[in-house]
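All remarks here apply to the structure that follows.
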Amino acid sequence: MKLATYKDGSRDGQLVVVSRDLGQAVYASNIANRMQQVLDDWNYLSPLLQDLYDSLNNGRARHAFSFDPTQCMAPLPRAYQWADGSAYLNHVELVRKARGAEVPESFYTDPLMYQGGSDDFMGPCDPIVCASADWGIDFEAEVAVITSDMPMGCSADRALDGIRLILLVNDVSLRNLIPGELAKGFGFVQSKPATAFSPVAVTPDELGASWSKGRVHLPLQSSWNGRKVGLCDAGPDMTFHFGQLIAHLCKTRNVRAGSIIGSGTVSNKGVTEGSGDKARTEWPNGYSCIAEKRAMETIQDGQPSTAFMQYGDTIRIEMKSADGLSIFGAIEQEVVAPATAQK
């Protein structure tokens, strides 16, 4: 099934069930008002929501209305925690190679992860508000999952069984603030502003065979200022699947229902042609963040030539099924200055 949260003036919005084709929706108020309620009592409430979803898809739901992504908050507008991994080691390899650094061996056996802010997520069409365009504004197209309760020390296989919902992410980064923060040796804070999520979160069964062994095997499209710049397959190059990411988070603590775990920037390996001095690597699937594009340019040409996002720039992130239908709806955002956002 597909679930979303509509704006209603409150912090947590109103839960709605959305049709498979994203054309219609219906309020779930007679079952649950908030997404977190469903996650806290999944075994009882999700079958009721599934019945409503089936009725909606069959044209039998009362009081259905046209679904409007611009009215959506994040599916879970605030969460108990947001932990973002870096499961695509190709992304790490590219960025480090561009600056002449090796990837530590431990990165291939132990996932990278940071704890982000989860009290103020952005909806899919909310603007990216940034006080300075000099901070290196970047999009990051990712996949994420929302969990049930997970016990401390749970295995990766057990963690897979606890994935309730899947959604898309724009994990906005301020690249020019990152080096200073990392130099302090204590992680991201100011360089990671509010994160945006797709209009709809879906249960794993909605992906059919494309959901396999904790990975989504579909292309993730990124369009910057209307130009498609990335069509990276989220499946084959994901070094750590979602079960492993959740197990990593659970190593020393319980993880509660409503926790969101991100995949990190979706990234695919390049293709090298030629040999010796004539060898050149290309990335036919493009990129899911500007930092990776700049790393590609540095590897190819010795220096980056692509600038980060500026005021007025737009980003669209979307994933389609094999038959070309949007699964989660699109994240569509514009970068604006604070004064513009207040108008």
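The values are calculated or read from the model by the stated rules, or taken from the named source; none is laboratory data. Computed from a prediction, not measured in an experiment: that's the story for all the values here. Glycine also receives a Cβ, built like all others from the backbone with ideal geometry; neighbour counts cover every protein chain displayed. Surface accessibility is based on the protein's heavy atoms, side chains included, excluding ligands, DNA and RNA. Shrake-Rupley method; radii C 1.70, N 1.55, O 1.52, S 1.80 Å.
Per residue, the chain exposes 45 Å² of solvent-accessible protein surface, assessed with a 1.4 angstrom probe and all protein chains in place.
Out of the trypsin sites (Lys or Arg not before Pro) in the stretch 22-107, which ones are loop residues according to DSSP with at most 12 other C-beta atoms within 10 Å?
Working: sites: 34, 60, 62, 78, 96, 97, 99; in loops: 34, 60, 62, 78, 99.
Taking the stretch 22-107 and a limit of 12 other Cβ atoms within 10 Å, the loop trypsin sites (Lys or Arg not before Pro) found are 60, 62, 99.
Once you have a ≥ b ≥ c as the square roots of the Cα gyration tensor eigenvalues for the stretch 1-128, tell me rounded if a/c is under 1.5, and otherwise prolate or oblate according to whether a/b is larger than b/c. The shape class here is prolate.
Considering only C-alpha atoms, what is the centroid distance from the stretch 103-132 to the stretch 228-303, in Å? That distance is 14 Å. Amide H contacts of residue 128 (H built 1.01 Å from N, in plane; Pro and chain starts excluded): 334, 335, 336 sit under 5 Å, all sequence-distant by 5 or more or on other chains. Largest GNM mean-square fluctuation among 66, 155, 267, using the chain with Cα springs under 10 Å: 66. In this simple spin-label model, placing a label point 7 Å from the Cα along the Cα-to-Cβ direction at both residue 60 and residue 325 gives a separation of 1.8 nm. Taken about its Cα centre, the stretch 39-86 carries a charge dipole of about 180 debye when Lys and Arg each add +1 at the Cβ and Asp and Glu each add -1 at the Cβ.
Ignoring everything except DSSP H segments at least 4 long, calculate the 222 nm mean residue ellipticity for the chain; use -39,500 (n - 2.57) per segment, divide by total residues, nearest 500.
On the way: 8 runs with 68 residues, N = 343.
Taken over the chain, the calculation gives -5500 deg cm²/dmol.
Classify the stretch 95-207 from the C-alpha gyration tensor, please: rounded if a/c falls under 1.5, else prolate or oblate depending on whether a/b exceeds b/c.
On the way: a/c = 2.08, a/b = 1.22, b/c = 1.70.
Oblate.
Put a dot 7 Å past the Cα of residue 300, heading toward its Cβ, do the same for residue 155, and the two dots end up 4.5 nm apart. Cut-off 19 Å, label point 7 angstrom out along Cα-to-Cβ of residue 97: give me the residues of the stretch 192-230 whose amide nitrogen falls inside. Hits in the stretch 192-230 for residue 97 at 19 Å: 230. Close amide H contacts of residue 255 (hydrogens built in the peptide plane, cut-off under 5 Å, sequence separation of 5 or more or a different chain): 150, 152.
Backbone amide hydrogens, once placed in the peptide plane, bring residue 165 within less than 5 Å of 146, excluding anything fewer than 5 places away on its chain.
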